[in-house]
Amino acid sequence: VRKVNDEITQCRLPIHEACIHNPPAEVIAALIKEYRGGVEKEDLNGMLPLHRACINGASLDVVTRLIHACPDALTAKDKWGKTPRDCLTVGCNEDSDLVAALEKTPTHYAARIAEQRLQNTLERKFTTMIKHIKKDAKSQQNASDAIIKKLKEKVCKMEEIIKQHNAKEQSLREENTNIKAESIKVLDELHDELLSENTK
């Protein structure tokens, strides 16, 4: 707000002031993000930020960002009845790309914005879905890994039991062999004794 002799001569938001000084598009983007409603506010001359941008030679990027933030600004008129398109002529800025951008209807931009929002929504949902799928796949993989680990542990345990059983069987076989050998030896000795008795 600017005053001269206690009378308000200007009433502009930061985005109006920025558009007067032909700022980089990043500055406008930051101002729109900070206060989106600013693109719809008029100054004391009935000018929106888009009017100020057009009359002061703003770039196509700046103008496009302002239009996307407020498509209805295309048909808005200042206190002299001028639209942003008219302000291009006042500012001697008849760039063909700017003219083309400003001669499209608010409906055209609204449709494009709606399409872009839909695309962004679909991309977010798709990204979320992919994350859930990956998370589920990881959970299933972890569950499978846990089952495989348990099976391996059981197999190792069974192998150990079989190994112990085989060791016992081997020990029993060796023991039976020793008993058999001892029995044969005793029988042989008994046989020899009997023969010796018979020969006397």
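Test ASP43 against the criterion of being of a type in the set (Asp, Glu), under 16 Å from GLU17 (Cβ atoms) and buried (at least 17 other Cβ atoms within 10 Å of the Cβ), and give yes or no.
yes
Go through the stretch 37-57 and give me each residue that's in contact with a helix residue (DSSP H, G or I) (Cβ under 6 Å, 6 or more places away or on another chain) and over 15 Å from ARG12 (Cβ atoms).
If the condition is that a residue be in contact with a helix residue (DSSP H, G or I) (Cβ under 6 Å, 6 or more places away or on another chain) and over 15 Å from ARG12 (Cβ atoms), then CYS54 is the only one that fits.
Within the stretch 88-110, how many residues are surrounded by fewer than 16 Cβ atoms within 10 Å (Cβ to Cβ), of a type in the set (Ser, Thr, Tyr) and in a helix (DSSP H, G or I)?
The qualifying residues number 3.
Answer yes or no: is there a residue in the stretch 142-151 that is under 22 Å from ASP72 (Cβ atoms) and assigned to a helix (DSSP H, G or I).
No - not one qualifying residue is present in the stretch 142-151.
Looking only at the stretch 59-83, count how many residues are β-branched (Val, Ile, Thr) and closer than 15 Å to ALA18 by Cβ.
Of the residues in the stretch 59-83, 2 are β-branched (Val, Ile, Thr) and closer than 15 Å to ALA18 by Cβ.
How many of the residues in the stretch 57-87 are within 40 Å of the chain's Cα centre (by Cα) and assigned to a loop (DSSP other than H, G, I, E, B)?
Here the count works out to 5.
Computed from the coordinates by the stated procedures, all read-outs in this text should not be read as laboratory data. Computed from a predicted structure; not experimentally measured. FYI the Cβ positions are ideal-geometry reconstructions off the backbone, even for glycines, and counts take in every protein chain you see.
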